[in-house]
Amino acid sequence: MQEYLDLFLTFAKIGAVTFGGGYAMLPILSRELVDQRGWVTDQELTDYFAIGQCTPGIIALNVATFVGHKRKRLPGGIVCSMGVVFVPLIVITIIAAFLRNFAEYPVVKNAFAGIRVCVCVLVVNSVLRLWKKSVVDIPTLCIFLAVFLLSVFSFLLPVSFSPVVLVLLSGAAGLLLGQVRQKGGRK
């Protein structure tokens with residue numbers, strides 16, 4: 001029972017301090033789940049994060065579900081998922097119940113301006129972490145550059161590429177790269 005409580009409280013803490021979406025939360029997840037608790041490895045977290053981005057729903061919720069499932073199967077996944085949404089749900093309910101035009105208050109506008117700056121830093125940090133773990137050689141750099149160029153300059157092309165198509169193409173390229181490496185005797 002103590003481990004379920006620990007899972008819930010850890011993800012409640014993560015949910016309480018996660019502003020700015022998935023990329024901004026990666027450093028927080030890494031510190032809590034890899035460095036402090038040792039519940040997952042860096043590679044597992046990167047994989048959960050990547051899968052969480054490709055599946056429907058909020059990345060934080062998806063990652064919480066994966067980590068909880070790894071620790072305590074289905075009940076663990078449910079407990080972690082409940083934990084990550086608990087604090088935001090309470091905060092949103094209080095704001096909705098008591099404050100009209102909440103976002104129009106000068107103090108709230110100023111706070112969100114500061115939070116946006118922090119989120120930018122967290123997103124850059126996440127991109128650098130993902131870069132170090134994902135772009136490890138020339139072939140993976142080529143996949144990165146192809147996806148980057150297709151997504152940034154798609155407005156110049158006669159066909160626009162959906163992010164879903166880019167993810168699927170990248171996955172196919174990764175599978176092909178793995179097959180080529182396996183035949184060549186490399187891992």
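Matching residues to (1) among the polar types (S, T, N, Q); (2) modelled with pLDDT of 90 or more:
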| site | (1), (2) |
| --- | --- |
| Q2 | yes, yes |
| E32 | no, no |
| D35 | no, yes |
| Q43 | yes, no |
| H69 | no, yes |
| P75 | no, yes |
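Summed over region 24-69, residues that are under 16 Å from V124 (Cα atoms) and surrounded by 20 or more Cβ atoms within 10 Å (Cβ to Cβ) total 5.
Annotation for region 95-106: at least one member residue is modelled with pLDDT of 85 or more and assigned by TED's automatic domain parsing to the domain that holds L26. Checked against (1) touching a Lys or Arg at 6+ places or on another chain (Cβ under 9 Å); (2) free of Cβ contacts under 8 Å to residues at least 40 places away in the same chain, V107 passes all but a single condition, namely (1). Among F155, F161, F148, which is the only one that is of a type in the set (F, W, Y), at pLDDT 85 or above and not assigned by TED's automatic domain parsing to the domain that holds Q43? Testing whether each residue is of a type in the set (F, W, Y), at pLDDT 85 or above and not assigned by TED's automatic domain parsing to the domain that holds Q43 leaves just F148.
The residue of region 109-156 that is surrounded by the fewest Cβ atoms within 10 Å (Cβ to Cβ), among those that are of a type in the set (V, I, T) and outside any helix (DSSP H, G or I), is V136. When each of V152, V167, V136 is tested for being under 19 Å from the mean Cα position of the chain (by Cα) and not aromatic (F, W, Y), the lone residue that passes is V167. Looking only at residues of region 20-66 that are among the polar types (S, T, N, Q) and touching a residue at least 24 places away in the same chain (Cβ under 8 Å), we find that the one that is nearest to A111 (Cα to Cα) is S30.
The values are calculated or read from the model by the stated rules, or taken from the named source; none is laboratory data. In this text the structure is predicted, and so the values were computed from the model without any measurement. Heads up, the Cβs are rebuilt from the backbone with ideal geometry, glycines too, and the neighbour counts pull from every protein chain shown.
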